[in-house]
Amino acid sequence: MSLPPVYGHTDLRARLSAAVGAGRLPQALLFDGPRGVGKQRLALWLAQAIVCEDRGSDGPCGACRHCRLVLNLNHPDVHWLIPIEITKKGADADKQVDLAQQALEEELESRRKQPLYQPPTGLASHGIASVRLLARQLYLTPALARHKVFIIGDAERLVPQRANPEAANAMLKALEEPPASTTFLLTTSQPDALLPTILSRVVRVRVARLNDSVVTEFVQQQLQQASQRNVSQLVANAEGCIGRVLAAITGSSESDDRAVDAFLAASRGPAADRYAAALGQPPFQARGGFTRVLDGLLERLRSEARSGKDTRAVVDAISRVLDARDLAQGNVNPQLVAAVLTDELWSRP
């Protein structure tokens, strides 16, 4: 299956298309916007415009060989780096890069079959092996087009462990001196989670929420399972983000929100509630679910910080959740991590 069309962002696409046509597109862009608003699909559209053979004033033609290859996620010069989880261990760095390439190709094949994809698992990240894979491809001559494009989706996952930032630093080196025929397109819903040095080397592009009419059009055209009766409810709950519609269809968003609510409530409650919440976390083998809860906590806390709610306490809580996420990425039992976190998340008298 090919990618669905881009919905909305008309004005932004017009500006980007004009920049490509005039040769004024920066070499490194950061698409910054709410989760599920369509940043990676927009980045793929821009990559298509860059390599298109018959680009018009309103963007890629959609019919040439380059456009068809991008739409089928098969263009050799458009590289989409997705957060991955490498379950196997390599004996050396080269083997780890090979494993990253294999995991990435498996994820891309899954998205070819089902282009309306769900967010990556809680343990998926852009590790050092993925960035080394990018570096391996970076200085190769374009295979088909005259230009290469690297899309780094969910770029905040370049820093899965604050004590081990090699992946982000390696990415920084690639951004500092990219080849002339290369464009980087990063996407994130958490720009404050990126290294300041990375932020200083990209041009930030704000991707705004979509109008309800655009979300409605997407639901009616792409989601046959959505009955006419619940379209309005899906659109209202989406808050301008198509990705939220997809999460609501699968139930994953509602489940994660409930888990975050329960964790926050327990962390503010008595000791019995806190330890019950810790024991209720998934076992070690399913720690990706716990990491999703931590990601949800971070998003919730950062939203509170931006709104000015008891900022010092919220910032301290964010730091503790980041520490817990570091531990969750390693070989630490999620229940033990949760027990410590619920006990220390808020200062107690």
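For an R0 of 35 angstrom, estimate the FRET efficiency from the Cβ-Cβ distance between Ala143 and Gln224 and round to the nearest 0.05. The pair Ala143/Gln224 has a calculated efficiency of 0.40. Ranked by the mean number of other Cβ atoms within 10 Å of their residues, highest first, the peptides 320-328, 42-50 come out as 42-50, 320-328. Counted over the chain, the DSSP beta bridges are approximately 10% antiparallel.
Our estimate of slack between Ala236 and Ala18, defined as 0.36 nm per intervening residue step minus the Cα-Cα distance, is 75.2 nm. The phi-based Karplus calculation (6.51 cos²θ - 1.76 cosθ + 1.60; θ = phi - 60°) puts the 3J(HN,Hα) values of segment 93-102 at 4, 4, 5, 5, 5, 4, 5, 5, 4, 5 Hz, whole numbers, x for Gly and Pro.
Across segment 169-209, the volume of the C-alpha convex hull divided among the residues equals 80 Å³ per residue.
By the equivalent-ellipsoid construction on the alpha carbon gyration tensor, segment 10-206 comes out with semi-axes of 26, 19, 17 Å, ordered largest to smallest. Only DSSP H runs of four or more residues enter the estimate; each adds -39500 (n - 2.57), and after division by the residues of the chain the mean residue ellipticity at 222 nm equals -16000 deg cm²/dmol.
Candidate cross-link partners of Lys88 among the aspartates and glutamates, defined by an alpha-carbon separation under 18 Å and a same-chain spacing of 8 or more, comprise Asp98, Glu105, Glu106, Glu107.
For Val235, the shell of other residues with beta-carbons less than 11 Å away shows a net charge of -2, using +1 for Lys and Arg and -1 for Asp and Glu. Principal axis extents of the C-alpha atoms in the chain (largest first, rounded to whole Å): 65, 55, 36.
Coordinate-derived values only; no laboratory data. Small disclaimer: the values here were computed from a predicted structure and weren't measured. Heads up, the Cβs are rebuilt from the backbone with ideal geometry, glycines too, and the neighbour counts pull from every protein chain shown.
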